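A short worksheet on the structure shown next.
The values are calculated or read from the model by the stated rules, or taken from the named source; none is laboratory data. This structure is a prediction, so every number in the text was calculated from the model and none was measured. No Cβ is skipped: glycine too gets one built from the backbone with ideal geometry, and neighbour counts run over all protein chains shown.
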Amino acid sequence: MKVYVFNGGPAAMPAPSSRSRLKKFGRLTLAAAVLALLVWPPFIVLGEHIAPGAPIAGRGAVVLPWEYLSAEYVKNRGVGSSAAEIQNLAEWLIGAYTGPRKMTAAASAAGGDTGPNAINDANSVNSAPVVPRPGDLRRFHKAEQSLAGYLNHTAGSHSLPNLAFGIYRDSTPVFLRAQGFSNQTRRPIASVTKTFTAVAILKLIERGKIRKLDDPIGDYLPELNLAKAPAGGTPVTIRHLLQQNSGIPYGSSRAGQTVVSPTRKFSYYIPPQYRAAGESFAYSNHNYYVLALLIETVSGQSYPEFVTEAILKRAGMHDSRVSATSAGASGVASSVADLSRFAAALYNRSNPIRLLRQRSVDEMMAVPDYIETNPNMMYYGLGVRVQYYDGEPAEVYHTGIWTGIFAELRYFPARRAALIHLGNPPNFRARRVNEYRAGSVRMTADYLRRLDELLNSVEIPALANVDS
């Protein structure tokens, strides 16, 4: 017979019923320990993300999701977004986890929750707690840490010495990183300038200075050779130029045409077409040179003046500049923070400042006539590239890349979010630069998906005066 020692003395082996109870107790203890290990990390993360008093603009790398949620909730419900209103709702959210709900001073003096900042009693902490699913919180934290780790590993490397990176959702920053640069550092954005040129053309259409996208360019610039004798007899339209399917090559050994700007001491060089317009896509800066010349001709302002007045000032991009020699394909310099303002004014339907009417924005992303549609197609729209996944436009973007320049503005329509990053690669053709671009976009998409899952799992309280 085996002998067990308890409290230093011998004892007979417990009866089978006692041993069974001990085993059952052990299994329950083990299960509880495993459950604690699975659940505890999210609550550590939760404490990290809902710390009271942190500013809406973010603390370090990331804007805390609960504060983002409170700010956006107040704004979207039409109550405004004053600091007092945001703080009141943020306190409610925090109180759902850390203790009784706090009242505003006005509500306390009135003997209850009243006034414009009050929380409806029907949505008190006890009746409708704000509880995210632990799995959603864990997946969001994992996506956030993966993205942060990837950027920390990449930024400062030989291929990308400096990097500024920002993700914005509904115009609010939800993830910021900077190495060497800050998010306010002004950097040349190279071909991302083409999106600005497209916005300028659409703005002139909205103002009635240009009739329509399908007008032949000869209606406005009859002196151009491509207007006098277009290849194949097909007139080159404004849409052809914007969509990069005008038949104008990137470079040519054949003699082209030089046209003097009507508004400044500057000349545009335009090579001859190599094929008829509308047949196929062929990326060429010269398309956008013609568009810049068109902007100057119909507006009476230089390209830098028009873009500055109609776009930069309108969107509040105070730190951005347009080079005096910008010709429509490049020449704008901006920061991550300013490009977020541009993205908000262009894409965010609820933004108080809009650069274009929504139908013009939809036109930018529309599928060109010459494209054979499929669920996962990619094409060049009006100054932007559009990527479809499963039959839906998933990403709208433009990249600018050259020696010492990396810039990208990418918008995710389904997530109402923008990714903006600026860097300075010594060799823009380096394999690791392209790897970074692909990896950062993929991880941003995952981060936004997890953030949406997290926010969608939360029961949000109502403000008492919302519907009054």
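Here are some notes:
- Taking region 144-159 as the range and being in a loop (DSSP other than H, G, I, E, B) and within 12 Å of residue 179 (Cβ to Cβ) as the test, the residues that pass are 155, 156, 157.
- Restricting 194, 209, 203 to those that are in a loop (DSSP other than H, G, I, E, B), of a type in the set (Lys, Arg), modelled with pLDDT of 95 or more and more than 30 Å from residue 141 (Cα to Cα) reduces the list to 209.
- Cβ-Cβ contacts under 7 Å between residues 6 or more apart (or on different chains), taken from a first residue in region 216-235 that is among the hydroxyl-bearing types (Ser, Thr, Tyr) to a second residue that is modelled with pLDDT of 95 or more and not in a loop (DSSP other than H, G, I, E, B), are listed as 220/294; 220/297; 220/298.
- Note on region 235-267: residues that are more than 38 Å from the chain's Cα centre (by Cα) and either assigned to a helix (DSSP H, G or I) or polar (S, T, N, Q) (or both) amount to 3.
- Residue match in region 360-381 (condition: in a strand (DSSP E or B), aromatic (Phe, Trp, Tyr) and either in contact with a helix residue (DSSP H, G or I) (Cβ under 9 Å, 6 or more places away or on another chain) or surrounded by 18 or more Cβ atoms within 10 Å (Cβ to Cβ) (or both)): yes
- Tally, over region 334-352, of residues that are touching a helix residue (DSSP H, G or I) at 6+ places or on another chain (Cβ under 9 Å) and surrounded by 13 or more Cβ atoms within 10 Å (Cβ to Cβ): 8
- Scanning region 222-234 for residues that are among the aliphatic types (A, V, I, L, M) and either under 29 Å from residue 386 (Cα atoms) or not in a loop (DSSP other than H, G, I, E, B) (or both) yields 226, 227, 231.
- Residues located in region 126-164, provided they are of a type in the set (Lys, Arg), surrounded by 15 or more Cβ atoms within 10 Å (Cβ to Cβ) and at pLDDT below 85: 138
- Of the residues in region 333-346, at least one is hydrophobic (A, V, I, L, M, F, W, C), within 25 Å of residue 155 (Cβ to Cβ) and outside any helix (DSSP H, G or I).
- Number of the exception - residue 377 against (1) without any contact (Cβ under 8 Å) to a residue 40 or more places away in the chain; (2) in contact with an Asp or Glu (Cβ under 8 Å, 6 or more places away or on another chain): (2)
- In region 419-435 there is at least one residue that is in contact with a Pro (Cβ under 7 Å, 6 or more places away or on another chain), part of a loop (DSSP other than H, G, I, E, B), at pLDDT 95 or above and within 20 Å of residue 193 (Cα to Cα).
- Criterion applied to 312, 355 was being without any contact (Cβ under 8 Å) to a residue 40 or more places away in the chain and surrounded by 20 or more Cβ atoms within 10 Å (Cβ to Cβ), and the one residue passing it is 312.
- Scoring residue 282 on the criteria (1) of a type outside the set (Ser, Thr, Tyr); (2) assigned to a loop (DSSP other than H, G, I, E, B); (3) touching an Asp or Glu at 6+ places or on another chain (Cβ under 9 Å) leaves a single failure, condition (3).
- Residues satisfying the stated conditions in region 295-309, i.e. crowded, with 24+ Cβ neighbours inside 10 Å and within 15 Å of residue 267 (Cβ to Cβ): 303
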